[in-house]
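What follows is one structure encoded as structure tokens, with my remarks underneath.
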Ligand SMILES: NC(=O)c1ccc[n+]([C@@H]2O[C@H](COP(=O)([O-])OP(=O)(O)OC[C@H]3O[C@@H](n4cnc5c(N)ncnc54)[C@H](OP(=O)(O)O)[C@@H]3O)[C@@H](O)[C@H]2O)c1
């Protein structure tokens, strides 16, 4: 089968990405089903791994944590009735707070024609949702959902600042927060003003012309979700009384330091990395099918050498509006 392989880590070039046509097709087992992949989506972590390794990763490695396709084999031990061969499904093949799984194997493997995934990471795709949209949603929607509701414990009516609302995680977070009736502020560049306005946000701060921590209207809000990795996030929020005592702050760009000093002041202050959850994917798929959450797709690329290099260049640019898709089966949408 065709698959992308990272052959070595290389921060200077994408020549370490190879599309091969003779990769072995993954096999199912007692817990893993086999999915014929129609669409996959890239995340910034894919190029960070290709560049630096970033997390322990066994080479050669097939990247891609998000995909959508059709079940072609059920796990050999499966006795349930929720899933059948032929079901349209999607997955986020990530671990728990790291990209390798409980059995210490690196996950990913979505940039290929077939993948083997455990059933607990899989959810069915509602009929009205395309493979592209399902693939585009998995990792970023789980991250936004978990950051808001597991870390920040966001409640209806609270006031939240989402740094980077025009990014893929940020756009899901804006919508989840607005849907439960929060007052939502976000940072965005002028080119993305219209993009975040479509979600009905209450306040947009142009980060290229002003500093959110100097904004009087933000003083005393309940929480911050940082989806960009703001330098000095934690001291800025605290020293300018942006988040109230007992409020909460999370950054998903988990290399940020300095939160430890504020642990006694806030109910939650930390960096956070998502965990897989088929159950939450089901919930989010239903929201998308109901039109309660919109999913933006920036560009679509094909599973060949030029397409894959262009896909990685696009996500590396940091200038996408929505998700970038690797279309494995070209006729799909
Ligand atoms: N910890 C986790 O579990 C987890 C999970 C998913 C992603 N992440 C990380 O979270 C970050 C965002 O991921 P993503 O998929 O949402 O990225 P993305 O979609 O590629 O984000 C791109 C967007 O960010 C905006 N942006 C860039 N710099 C900004 C700034 N200083 N302030 C506000 N907006 C800014 C860009 O618009 P403009 O340039 O026009 O502003 C662009 O629209 C990445 O670093 C990723 O690795 C972490």
Residues of the stretch 135-149 classified as more than 20 Å from residue 186 (Cα to Cα) and either in contact with a helix residue (DSSP H, G or I) (Cβ under 7 Å, 6 or more places away or on another chain) or without any contact (Cβ under 8 Å) to a residue 24 or more places away in the chain (or both), total: 2
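Identify, from the list 200, 220, 181, 165, the residue that is touching a helix residue (DSSP H, G or I) at 6+ places or on another chain (Cβ under 6 Å), away from the ligand (no atom under 16 Å from the Cβ) and not assigned by TED's automatic domain parsing to the domain that holds residue 77.
On the way: 220 fails: touching a helix residue (DSSP H, G or I) at 6+ places or on another chain (Cβ under 6 Å); 181 fails: touching a helix residue (DSSP H, G or I) at 6+ places or on another chain (Cβ under 6 Å); 165 fails: away from the ligand (no atom under 16 Å from the Cβ).
Every option except 200 fails the conditions.
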Criterion violated by residue 92 - all others in (1) within 16 Å of the ligand (Cβ to nearest atom); (2) under 22 Å from residue 21 (Cα atoms) satisfied: (2)
Failed item in (1) within 15 Å of the ligand (Cβ to nearest atom); (2) in contact (Cβ under 8 Å) with a residue 60 or more places away in the chain, with residue 271 passing the rest: (2)
Of all residues making up the stretch 20-56, the number that are surrounded by fewer than 19 Cβ atoms within 10 Å (Cβ to Cβ), within 23 Å of the chain's Cα centre (by Cα) and more than 23 Å from residue 131 (Cβ to Cβ): 7
Failed item, numbered, when residue 315 is tested on (1) outside the structural domain of residue 88 (by TED's automatic domain parsing); (2) within 9 Å of the ligand (Cβ to nearest atom); (3) crowded, with 20+ Cβ neighbours inside 10 Å: (1)
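Could you tell me whether any residue of the stretch 221-228 is in a loop (DSSP other than H, G, I, E, B), in contact (Cβ under 8 Å) with a residue 40 or more places away in the chain and within 21 Å of residue 178 (Cβ to Cβ)?
The answer is yes, given that some residue of the stretch 221-228 is in a loop (DSSP other than H, G, I, E, B), in contact (Cβ under 8 Å) with a residue 40 or more places away in the chain and within 21 Å of residue 178 (Cβ to Cβ).
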Residue within the stretch 282-294 that is within 23 Å of the chain's Cα centre (by Cα), surrounded by fewer than 17 Cβ atoms within 10 Å (Cβ to Cβ), under 16 Å from residue 145 (Cα atoms) and within 16 Å of the ligand (Cβ to nearest atom) present: yes
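Here are some residues: 58, 31. Which one is over 15 Å from residue 313 (Cβ atoms), in the same structural domain as residue 102 (by TED's automatic domain parsing) and at pLDDT below 90? Write out each step before concluding.
Values: 31 fails: at pLDDT below 90.
Among 58, 31, only 58 is over 15 Å from residue 313 (Cβ atoms), in the same structural domain as residue 102 (by TED's automatic domain parsing) and at pLDDT below 90.
This table checks each residue for (1) free of Cβ contacts under 8 Å to residues at least 24 places away in the same chain; (2) touching a strand residue (DSSP E or B) at 6+ places or on another chain (Cβ under 7 Å); (3) assigned by TED's automatic domain parsing to the domain that holds residue 315.
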site: 35; (1), (2), (3): no, yes, yes
site: 53; (1), (2), (3): no, no, yes
site: 72; (1), (2), (3): no, yes, yes
site: 103; (1), (2), (3): yes, no, yes
site: 110; (1), (2), (3): no, yes, yes
site: 122; (1), (2), (3): no, yes, yes
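Would you be able to say whether some residue in the stretch 181-188 is modelled with pLDDT of 95 or more and out of contact with any strand residue (DSSP E or B) (no Cβ under 7 Å at 6 or more places or on another chain)? Step through it out loud before you land on a result.
Pass one, the stretch 181-188, residues modelled with pLDDT of 95 or more: 181-188.
From what is left, the residues that are out of contact with any strand residue (DSSP E or B) (no Cβ under 7 Å at 6 or more places or on another chain) are 181.
Within the stretch 181-188, one or more residues are modelled with pLDDT of 95 or more and out of contact with any strand residue (DSSP E or B) (no Cβ under 7 Å at 6 or more places or on another chain).
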Filtered residues of the stretch 279-306 (kept if free of Cβ contacts under 8 Å to residues at least 24 places away in the same chain and within 20 Å of residue 63 (Cα to Cα)): 306
Filter result for residue 86 (assigned by TED's automatic domain parsing to the domain that holds residue 323, more than 27 Å from residue 228 (Cβ to Cβ), out of contact with any helix residue (DSSP H, G or I) (no Cβ under 9 Å at 6 or more places or on another chain) and not in a loop (DSSP other than H, G, I, E, B)): no
Which numbered condition residue 232 fails, given (1) crowded, with 20+ Cβ neighbours inside 10 Å; (2) within 23 Å of residue 45 (Cα to Cα): (1)
For residue 323: the one exception among (1) within 11 Å of the ligand (Cβ to nearest atom); (2) surrounded by 14 or more Cβ atoms within 10 Å (Cβ to Cβ); (3) free of Cβ contacts under 8 Å to residues at least 40 places away in the same chain: (3)
Residues of the stretch 249-258 classified as within 14 Å of the ligand (Cβ to nearest atom) and modelled with pLDDT under 95, total: 4
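Against the condition part of a helix (DSSP H, G or I), out of contact with any helix residue (DSSP H, G or I) (no Cβ under 6 Å at 6 or more places or on another chain) and in contact (Cβ under 8 Å) with a residue 60 or more places away in the chain, how does residue 116 come out, does it pass? Steps first, answer last, please.
Numbers: part of a helix (DSSP H, G or I): no; out of contact with any helix residue (DSSP H, G or I) (no Cβ under 6 Å at 6 or more places or on another chain): yes; in contact (Cβ under 8 Å) with a residue 60 or more places away in the chain: yes.
Considered against the rule, which asks whether it is part of a helix (DSSP H, G or I), out of contact with any helix residue (DSSP H, G or I) (no Cβ under 6 Å at 6 or more places or on another chain) and in contact (Cβ under 8 Å) with a residue 60 or more places away in the chain, residue 116 comes out as no.
The values are calculated or read from the model by the stated rules, or taken from the named source; none is laboratory data. What you see is a predicted model, and the numbers here were worked out from it, not measured in a lab. Quick reminder, even Gly has a Cβ in these numbers, built from the backbone with ideal geometry, and neighbours come from all protein chains shown.
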